[in-house]
Amino acid sequence: LQTFFLVLGTTSLLLSVVVSERRRTEEQLRASWERERLLAEVAQRVRQSLEVGHIFQTTVEEVRRLLQVERVYVSLLNDQDQLEVQAESCDPAYPTRLDAHSRQPRSGEMLTTIPPQVLVVHHPDQLPGNFDLKPYLIRYRVKALLVVPLTTLEGALGMIVVHQCRQPRHWQKG
């Protein structure tokens, strides 16, 4: 009888582990499907226009909505190899990167270098040593930052910048 209860207990424990693992896998799969659906939706909205300015604006709005952040903008290199903000989506509670009248970057732009690879900052205290971004992060109340370089075969084109302003955020690969 003791052996029976031991086998029953072990089997019960194994079943609960298997069921828990299956639920976790199902939740991960659902999350993955949702991400894919949202990305397809974003791509569809971006494709609805052939006008570059509209594509950039749609992109920043959709990325901001998808990532649930306070600010997203696209900067491109101009003819003088300086970064210019082309489009921005920003929560009204936070300072904008663009002057509403001229659509040009405000003075004091501190993010002037396109990183060679994706720059991920989970917290302002975790800045890489080669970027002096403290004044930039303070001015725009940035608590977490993603910078994705935009490149072509010919070289750097610009970057997409994502700001989490309410609180630090641990960015995860998805």
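The values are calculated or read from the model by the stated rules, or taken from the named source; none is laboratory data. For clarity, every value in this text was computed on a predicted model and none was experimentally measured. As a convention, Cβ positions derive from the backbone with ideal geometry for all residues, glycine included, and neighbour counts pool all protein chains shown. Surface accessibility is based on the protein's heavy atoms, side chains included, excluding ligands, DNA and RNA. Shrake-Rupley method; radii C 1.70, N 1.55, O 1.52, S 1.80 Å.
What to note about this one:
- With both labels modelled 7 Å from their Cα along Cα-to-Cβ, the residue 66 to residue 34 distance reads 1.6 nm.
- The figure for residue 134 is an accessible area of roughly 80 square angstrom, using a 1.4 Å probe on the protein chains alone.
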